[in-house]
Amino acid sequence: MESITKFIRLVFKAVSLAMGVAVVALLIMNKIDTHNALMLLGIGVAGSGVAHLMDRSDK
């Protein structure tokens, strides 16, 4: 069970990082508008928050 929790935490952290990188890349290429960029960043922040809360609940 602990390995599944670690994997889920890793997935949330990876999605958060990927959203940030994707938004920066898409904005540089002018392929995304501000509204959609903020939506993607919101998903990234939410994933980061969930991963952080999972870290805090283990202690």
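Read-outs throughout are calculated quantities, based only on the coordinates presented, and are distinct from any laboratory measurement. Here the structure is a predicted model, which means the values were calculated and not measured. Cβ coordinates were reconstructed from backbone atoms using ideal geometry, including for glycine residues, and neighbour counts include every protein chain displayed.
The figures follow:
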{"quantity": "Helix 2-28 axis, angle to the chain major axis (alpha carbon atoms, nearest 10°)", "calculated": "10 degrees"}
{"quantity": "Distance between modelled label sites at Arg56 and Asp33, nm, 7 Å Cα→Cβ extension", "calculated": "3.6 nm"}
{"quantity": "Mean separation of Cα contacts under 8 Å (6+ apart) over length of the chain, as relative contact order %", "calculated": "47 percent"}
{"quantity": "Dipole in debye (nearest 20) - the chain, about Cα centre, beta carbon charges: Lys, Arg +1; Asp, Glu -1", "calculated": "80 debye"}
